[in-house]
Each structure stands twice: as C-alpha cells, then as structure tokens.
Amino acid sequence: MGTNRTLQSRMQELGLTQEELAGQLNKALLEITGRPGDISPRTVRNLLNGQSNRPISRTCVALERVFGCPVADLGFSAPRTMQHPPEVSVRRRDFIASTTGTAAAAAPIIKTHRSVGMADVARVAASVNQLIEADDRQGGHTSLASVALEKRTEVLALQQKSASERVRRALYALAAEFTTIAAWAHIDLRDLTTAQKHLHESSTFAGLSQDPATGMRVWINMAMLAYQRQNWAEQLAAAQAAEASLAARRDPFFSSMGRVRVALAHATLSDGKAAQRSLDAAQTTFHRAAKGEHPRWTAFFGPAELHHLAAIIFNHNGQHAHAEAMAHRALATLPSEFRRNRALATCQLALAQLRQGEPEQATETAASVFTIMDGTPLPGRMRTLIGDFHRDLYRLAPSTSYARDWADRMREEWSRV
C-alpha cells in the first residue's frame, strides 16, 4: 500500500484539492444519476494513500467523468462490473442497479466533460507573451486586438468546463490579460472609446481572478487611457488606485510603477511640486525592488521607462532641459526589442529640443522616429506626438528649408496604411 502517484499527479495538473475533488465527484454523480453523491474528502484521502485501490462502481464512474479517462489510467483496478463497450449509453436505472450489485452497467468515458487543468492554462497563456512581443515591436494595431479577443473567447469557453477554484482564477486572469492587451492596442491606436469598453470588461475579469498583478495592470491602463483622453482628474484617480493596490503594497516594483503614474498625473494638473515628489518616490522605490519574477507584461518597466516618463513629466512642467537629459538616458538604456518605446522617447527628445529653441536639431531628431519604426505604420498615439511637434515647428520656423523637408517626409510617412 502506498501513495497513488498517478492520481496525485492528475489532481495537481487540474489544480484540485482533496475537498474540491470530492465536490466534483459528487457533482458528477448528480449529473449521471440525478441524485447528489456523498463522497467525502476522507474517501479521496483513501484513494490517494492507497487504502482504496479498487473503488466501488459509483466512485469509479464519477472518477472517469471528472478526469475523462478509465480508472485504470488513474492507478486503480476497476471492479469486474465496470465495462467500457463502445457506443453504449448510460441509463440511469442501469447505473443505480450496478451500484447495488444487482446488474452491471456500462459507464462510457465522457470526453466532453473533461476537467480543465493548469496544463490547459499554460497552453493558452503561451499566446500572451507572443502578443506582448508583437506590441513591443510594432505598437498597437487592429490585428493584435483581434487575436487577443479571440484568445479571450477561447479562455471563457474553458470556464464552462469543470475546473478547480485555482484553475478558474487563473482562467479569469488570462481573460483579463487578453482583454487588456486588446484595450491597450486600441489606446495605442487612439481608438479610445473601444479601449474604454475593453478596459471595463478586463476590470471585471481581473476582480474575478483575485490576482493582484492583473488588477494592477488594469489600473495602469486606465490611467493611460485617461491621459490620452486628457481627463486629468480620472487619470490621477486611476494612478492613485494603482499606487494603493495590493500588488503595490506587497512589491516595491509595482509601487514604483504606480507612483510614477501619479507623478505624471500631477504634472498634467500643473502641480509641479507634487509631480517631483512622486517621481522621486518612484525612483527611490524602484531601486529598493528585488530582482524577482514578474509577469511578462511588466518587462517594459525598468530604468529606461522611468527616464522616459520623467522626460514626459519634465516636458509638462516646462523643464525642457531636464526633459532632454531624461530622454537621452532613456534612449541609452532601452533594450533593443522595445522599438515602439524607443520611437516614443525620441519624440519626447525632439519636443524638448524644440521647446529650448533648437528647431533644426529637433527636426533631425524627430525625423529619426520614422527610421526607428522602419516603415511600420505609426500607432495613433505616436502620430499625435508627431502632430504636436509639427505644429510647434511651424510656429517657430515655418519658412526654413528643414521645416519644408520635414513636412514632405511627414506627408510620405502619414500616407502609410
């Protein structure tokens, strides 16, 4: 007599505790017989520790319904009454009779009721990283949002199957992830109404997941959306919610992420002192953060992103020399794979140079954005920054040759679909 390692492994794969497996076995009996089962956690313990290696027929049928395989594949010896002839339906009267020993009933393997486990979660989750990497390279685009929503549909379909509480929370976290990716793509595209719709949906999934990091991502994206909408009060509220979130309270890394968003919100509200305090706190907190494991979506957040956001904050505060210095630091430390972020930091550098009275240098810097994006259509968010630069340039130096050359280049790039 020893531990049934096979059953133990299958339970771990599905994320089931002993209590949860007992509940699912009783649910399976209710589906088959129309009567609730009475399998207890103690019965499950006996199945696991080897005290019961030949379960009774009703328990075997329930095990097969939950795990979607013969009991022999779970490490048990089936009773002689258990047969699996093909294409034989389960009749309720036959099943009840078999459990009393008066008749032998067939209990087919029900593949359509197979439980969902962590292996299914991992399979779907692999797509998250691919979508995030596509966003890093190209920025938000409609096909990215479409694929993310297709994956969300796949995840929600899995929720309709039998699963443990742990697996259900993981599936809701994935639904929130995919929906937030779609929302972020629309933020980058400046399709802000659609982005808001998806963010409201993702906030529901994040709440159901009970995952702090997932909830943090939603708040950060809500702050970004409010920034794009120029709804400064809502931006501050969302950033403060991120700063006060469970993820931020537990981990200085997330705390820094929330605080720098609060700094940006204060800057847009023209509160330079509050912005500087929050920015200093974000930088200090980030340096206290341990180099631990964090979700893939957070890979963008590091020293380079802090410098980039500092450049935006200083540009808002009218401290354009500081903004230029921060933009240079961001560009010096940005990993090569973050092409879209490099182009955005370059936009901030060009704006800082222009506002310091260096239009020719600024124009050269701004033109390099098109080189960085390498022919890829500019996301809407980046087009807005380029548009801001274009208006400021023509206000400062409208009749210069470099301004005319810039206008020609911009028209060419703007025509890309």
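Just one of Thr371, Thr298 is more than 23 Å from Met410 (Cα to Cα) and hydroxyl-bearing (Ser, Thr, Tyr); which is it?
Just a single option satisfies the conditions, and that option is Thr298.
Among the residues of segment 146-175, what is the count of those that are assigned to a helix (DSSP H, G or I) and either in contact (Cβ under 8 Å) with a residue 60 or more places away in the chain or acidic (Asp, Glu) (or both)?
6
What tally of residues in segment 407-417 results from selecting those that are charged (D, E, K, R) and surrounded by 16 or more Cβ atoms within 10 Å (Cβ to Cβ)?
1
Assess whether Arg250 counts as being touching a Leu at 6+ places or on another chain (Cβ under 6 Å), surrounded by fewer than 21 Cβ atoms within 10 Å (Cβ to Cβ) and of a type outside the set (Phe, Trp, Tyr).
Spelling it out, it is not the case that Arg250 is touching a Leu at 6+ places or on another chain (Cβ under 6 Å), surrounded by fewer than 21 Cβ atoms within 10 Å (Cβ to Cβ) and of a type outside the set (Phe, Trp, Tyr).
Among the candidates Leu21, Leu29, Leu14, Leu25, which residue alone is over 20 Å from Gly117 (Cα atoms) and not assigned by TED's automatic domain parsing to the domain that holds Lys161?
Unique residue meeting the criteria: Leu29.
Of the residues Asp38, Asp120, which is modelled with pLDDT of 80 or more and outside any helix (DSSP H, G or I)?
Asp38
Every residue, every condition in (1) assigned to a helix (DSSP H, G or I); (2) within 25 Å of Gly375 (Cα to Cα); (3) assigned by TED's automatic domain parsing to the domain that holds Ile132, yes or no:
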position	(1), (2), (3)
His294	no, no, no
His307	yes, no, no
Phe314	yes, no, no
Glu324	yes, no, no
Ser336	no, yes, no
Asn341	yes, yes, no
Leu351	yes, yes, no
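If you go through segment 298-316, how many residues are touching an Asp or Glu at 6+ places or on another chain (Cβ under 8 Å) and either buried (at least 23 other Cβ atoms within 10 Å of the Cβ) or on the phi > 0 side of the Ramachandran plot (or both)?
Going through segment 298-316 one residue at a time, the tally reaches 1.
Only residues that are buried (at least 17 other Cβ atoms within 10 Å of the Cβ), in a helix (DSSP H, G or I) and among the small types (Gly, Ala, Ser): list them for segment 369-406, please.
Gly380, Ala403 - these are the residues of segment 369-406 that are buried (at least 17 other Cβ atoms within 10 Å of the Cβ), in a helix (DSSP H, G or I) and among the small types (Gly, Ala, Ser).
How about segment 320-342: which of its residues are without any contact (Cβ under 8 Å) to a residue 60 or more places away in the chain, within 29 Å of the chain's Cα centre (by Cα) and crowded, with 16+ Cβ neighbours inside 10 Å?
Met326, Ala327, Arg329, Ala330, Leu331, Leu334, Arg342, listed by residue number.
Out of all the residues in segment 136-150, is one or more within 18 Å of Arg123 (Cβ to Cβ) and either β-branched (Val, Ile, Thr) or over 17 Å from the mean Cα position of the chain (by Cα) (or both)?
yes
Conditions: (1) modelled with pLDDT under 90; (2) more than 30 Å from Thr193 (Cβ to Cβ). Gly380 meets all but one. Number of the miss?
With (1) modelled with pLDDT under 90; (2) more than 30 Å from Thr193 (Cβ to Cβ) applied to Gly380, the lone miss is (2).
At positive phi, within 38 Å of the chain's Cα centre (by Cα) and not polar (S, T, N, Q): is that true of Gly387 in this structure?
So Gly387 does not fit the description; no.
The values are calculated or read from the model by the stated rules, or taken from the named source; none is laboratory data. In this text, all values refer to a predicted model and were calculated from it rather than measured experimentally. Here the Cβ is made from the backbone with ideal geometry for all residues, glycine too, and neighbour counts use every protein chain on show.
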